[in-house]
Protein chains: 2
Amino acid sequence: MNTEIKIFVPATVANVSCGFDVLGFALDTVGDEMMIRKVSQKGIKITKIIGQDLPLETHKNVAGVAALALLAKTDTNFGFEIEIIKNIKPGSGIGSSAASSAGAVWGINKLLEGRFNTTELVQFAMEGEKLASGVAHADNVAPALFGGFTLIRSYNPLDIIKIPTPNELMATIIHPQIEIKTADARKLLKENISLKEATKQWANVGGLISGLYSNNYNLIGRSLQDYVAEPVRSTLIPGFNDVKKTCIDAGALGCGISGSGPSIFALSKGEKTALKVAEAMKAVYDKIGIEYDIHISKVNKQGIKILDIK
Amino acid sequence: MNTEIKIFVPATVANVSCGFDVLGFALDTVGDEMMIRKVSQKGIKITKIIGQDLPLETHKNVAGVAALALLAKTDTNFGFEIEIIKNIKPGSGIGSSAASSAGAVWGINKLLEGRFNTTELVQFAMEGEKLASGVAHADNVAPALFGGFTLIRSYNPLDIIKIPTPNELMATIIHPQIEIKTADARKLLKENISLKEATKQWANVGGLISGLYSNNYNLIGRSLQDYVAEPVRSTLIPGFNDVKKTCIDAGALGCGISGSGPSIFALSKGEKTALKVAEAMKAVYDKIGIEYDIHISKVNKQGIKILDIK
């Protein structure tokens, strides 16, 4: 039995325009590193967090809470220590809390020789998300744990479908350095939407899923439309409309808000276009004078990766 | 150049539970026959309708109106006669008007050596649907013309996606002999729906499309849920809840209203189950004492079929 594991845990993009609250995908080159160690003392201890100022107390840390949810379903007489190298900035909108929650349960499960299946791990990780945002949503933890694109078909019972990812699909993400709280972004949403717009939304979900299965990049692009969240949430992101326009002009298939923002994602076919899209995005924020991080990444088909195990 | 064509035009199921206004599929053993003949006289003439009492005047007949919409985009100095053997009962909810509209334009296009593509044919056929119900919807004409399952991703521009159909997918349809007008069924729908239920709806659309691509019958079944139309429209169909329950008990993957009713469809894996489902459906209406037609059919992957051409 292994006693120590080092893993890469991907950042994730939730919603993906039309897929509000149900779709997400994982990134390949953006993510945290976590070290998980089996120890004789029961329970979970967060020993170190590098890169961000986050609470070490188990009950206040999303990784800790998620790990405890898993441990509660076991009768192990040992525990785990967790160390986090936090590269994904909290509040960036690319699944920072989800990565910590997902990584903790995935790593522990590996050291427990895989006794839980991936959907069960999502359920545990959702407890971390609940601590982070008040809502036990799965649209970031699911792609982090499954890899690729994921669809949350149902929460009750939890039913997650892994959707195939075309090989040349690339994401470009820009994170303007402004703060949007998930709870605030959620408040902007209306409780009701018109049947007419809802129908357009699910037509596009159908189109996007279809495009992903059939490697139809053009269809993927046509389907990246959001009638629900983007019209209201984009008002919280300075320059959003310019970024979107300039991305499409640069050849992106589509562009939208990552999660509840402020990060903006674009999908492109091929790395060359993804790089052009990055330049286009940067130019907008350079002009406005807002600092940013930028990421260019393949869609990560695998999810969490083992860096070392012993 | 051929001058005469005889075709089979399939009945169709629109909506398909979660896919309100965007999804539909074609049937294989239920449909009309149409004969289309090139004649020297310009324009469209409906020469005969067998099986139903429908108007022969071109402008009052959906096939006539659809055919005229096509002809208006040509500069032919000849015309066409249309003869219809109408097996699909008007008002049954399995695309009776759509079959006439779709068949007319498909047949004429064949005699014109295919100068219009299938999406253009849908556009013409929608003019017939507009005459029939006041709304130029495409969710029956699209599967009739494309075959299999179709997704209307967008109306403006018209964007129709053909979705693959698993080989063993069978439909059972019961048509209780009661009348529901499409316009009445549409009035029952609310203009707004809750974001929460809309989200469930598009999650299921994603699940259904995914199931169809991946031959995952169980996922297809889990996704056949409708939070929008079925809760209100099912009240117009006596026995609906009993039919649904008994279908599922008999092994159907799922069950819902075909179009705006009154027909009820169920999908099953394999003919044996589809037959059991038919018996279960019949038993409900036998007990209530409502007469019915019943159809058991493969999903028709091809769409309209040529029976004879010369």
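A short reminder: the numbers here are calculations on the coordinates, not readings from a lab. This one's a predicted model, so the numbers in the text were calculated from it and none came from an experiment. Glycine gets a Cβ as well: all are built from the backbone with ideal geometry, and neighbour counts include every protein chain shown.
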| query | When the Karplus curve 6.51 cos²θ - 1.76 cosθ + 1.60 is applied with θ = phi - 60°, which whole-Hz ³J(HN,Hα) does each residue of segment B:263-270 get, with x for Gly and Pro? | reply | 5, 10, 10, 10, 10, 9, 9, x
| What are the ³J(HN,Hα) values, in whole Hz, obtained from phi via the Karplus relation 6.51 cos²θ - 1.76 cosθ + 1.60 with θ = phi - 60°, for each residue of segment A:199-204 in sequence order, with x given for Gly and Pro? | 4, 4, 4, 6, 4, 6
| message | Give me the percent relative contact order of chain A, please, defined on Cα pairs under 8 angstrom at least 6 residues apart. | response | 25 percent
| query | Between copies, how close do the A:Gln41 label points come, placed 7 Å along Cα→Cβ, listed in nm from shortest? | reply | 9.7
| message | Between 0 and 90 degrees, rounded to the nearest ten: what's the tilt of helix A:271-288 against the longest Cα principal axis of chain A? | response | 80 degrees
| Shortest-first distances to equivalent copies, position B:Ile309, nm, label 7 Å out along Cβ | 5.8
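Evaluate the charge dipole of segment A:169-298 about its Cα centre and quote only its size in Debye, nearest 20, assuming +1 on the Cβ of each Lys and Arg and -1 on the Cβ of each Asp and Glu. Mind dumping the intermediate values first?
Details: 16 positive and 13 negative charges, 68 e Å.
Once rounded to the nearest 20, the dipole reads 320 debye.
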| query | In whole Å, what is the distance between the alpha-carbon centres of segment B:228-269 and segment B:79-126? | reply | 28 Å
| task | Could you line up A:Glu81, B:Glu197 from fewest to most neighbouring Cβ atoms inside 10 Å? | result | B:Glu197, A:Glu81
| FRET efficiency for B:Lys48 and A:Val232, Cβ-Cβ distance as r, R0 = 51 Å, nearest 0.05? | 0.35
| Dipole magnitude of chain B, debye to nearest 20 (Cβ charges: Lys/Arg +1, Asp/Glu -1, about Cα centre) | 280 debye
| task | Report, in degrees rounded to the nearest 10, the 0 to 90 angle that the Cα long axis of helix B:118-133 makes with the longest principal axis of chain B. | result | 80 degrees
| Each label point is 7 Å from the Cα along the Cα-to-Cβ direction; what then is the distance between the points at A:Asn215 and A:Ile288, in nm? | 3.7 nm
| message | Just to confirm my understanding: which cysteines in chain A have no other cysteine beta carbon less than 4.7 Å from their beta carbon? | response | A:Cys18
| task | On a C-alpha basis, how far is the centre of segment B:50-71 from the centre of segment A:162-215 in Å? Whole number, if you could? | result | 42 Å
| remark: For the protein assembly as shown, the dipole about the Cα centre with charges only on Cβ (Lys and Arg +1, Asp and Glu -1), to the nearest 20 debye, works out at 320 debye
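Just how many % of Cα pairs in segment B:1-116 lie over 18 Å apart, if you round to the nearest whole percent?
Numbers: 3194 of 6670 pairs.
The answer is 48 percent, as a whole percent.
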| On average, how much area does the Cα convex hull of segment B:169-298 cover when viewed from any direction, in nm²? | 7.7 nm²
| said: Please report Rg (one decimal) and Dmax (integer) in Å for the Cα set of chain A. | reply: 18.8, 58
| query | Taking the Cα centre of chain A as the origin and placing charges on Cβ (Lys, Arg +1; Asp, Glu -1), which of A:Ile296, A:Asn87, A:Gly107 is farthest toward the positive end of the dipole? | reply | A:Gly107
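Please order A:Phe146, A:Phe8 by the number of other Cβ within 10 Å, starting at the fewest.
On the way: A:Phe146 26, A:Phe8 22.
The order, fewest Cβ neighbours first, is A:Phe8, A:Phe146.
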| query | Taking the C-alpha atoms of the protein assembly as shown, how large are the radius of gyration and the largest Cα-Cα span, Dmax, in Å? | reply | 27.2, 93
| query | In the protein assembly as shown, what percentage of the DSSP-assigned beta bridges are antiparallel, given to the nearest 5? | reply | 90 percent
| Gaussian network model of chain A, Cα within-10 Å springs - most flexible of A:Lys269, A:Lys60, A:Lys244 | A:Lys60
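Below 8 Å, C-alpha to C-alpha, sequence gap of six or more: please give me the relative contact order for segment A:49-139 in percent. List each step's numbers first, then the result.
Details: 109 pairs, mean separation 33.2, N = 91.
So the answer I get is 36 percent.
I need the calculated FRET efficiency for the pair B:Glu4 and B:Leu158, taking r as the beta carbon distance and R₀ as 35 Å, to the nearest 0.05.
On the way: r = 30 Å, r/R0 = 0.85.
Given R0 = 35 Å and the Cβ-Cβ separation, E is 0.70.
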| remark: Here the correct list, in nm and shortest first, of distances from B:Asp75 to the same site in the other copies, label points 7 Å along Cα→Cβ, is 8.7
| note | For A:Lys282, the aspartates and glutamates lying under 15 Å Cα to Cα, once residues fewer than eight places off in the same chain are dropped, come out as A:Asp242, A:Asp249, A:Glu291, A:Asp293
| request: Work from the charge dipole of segment B:169-298 (Cβ charges, +1 for Lys and Arg, -1 for Asp and Glu, about the Cα centre) and give the residue of B:Phe265, B:Met281, B:Gly221 farthest towards its positive end. | output: B:Gly221
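Nearest 5 percent is fine: what portion of the DSSP beta bridges confined to segment B:31-159 is antiparallel?
Numbers: 9 of 16 bridges.
If I count the DSSP bridges inside segment B:31-159, around 55 percent turn out antiparallel.
Calculate the mean, over all residues of peptide A:16-26, of how many other protein chain Cβ atoms lie within 10 angstrom of the residue's Cβ.
Values: counts 0, 0, 3, 4, 5, 7, 8, 3, 0, 0, 0.
So the per-residue partner count for this stretch is 3.
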| request: For A:Ile49, list long-range residues whose amide hydrogen, built 1.01 Å from N in the peptide plane, is under 5 Å from its own amide hydrogen. | output: A:Ile84
| query | Which whole-number percentage describes the relative contact order of segment B:169-298, with Cα contacts under 8 Å and a sequence gap of 6 or more? | reply | 40 percent
| To the nearest whole number, what is the average tally of beta carbon atoms from other chains within 10 Å of the beta carbons of peptide A:147-158? | 3
| field | Sequence of B:Ile85, B:Ile193 once ranked by neighbouring C-beta atoms within 10 Å, starting from the fewest | value | B:Ile85, B:Ile193
| query | By how many nm would the segment from A:Glu113 to A:Leu275 grow when fully extended, if each residue of separation counts as 0.36 nm and the alpha-carbon distance is taken off? | reply | 54.3 nm
| query | How would you classify segment B:133-236 from its alpha-carbon gyration tensor, with a ≥ b ≥ c the square roots of the eigenvalues: rounded for a/c under 1.5, else prolate if a/b is greater than b/c, otherwise oblate? | reply | rounded
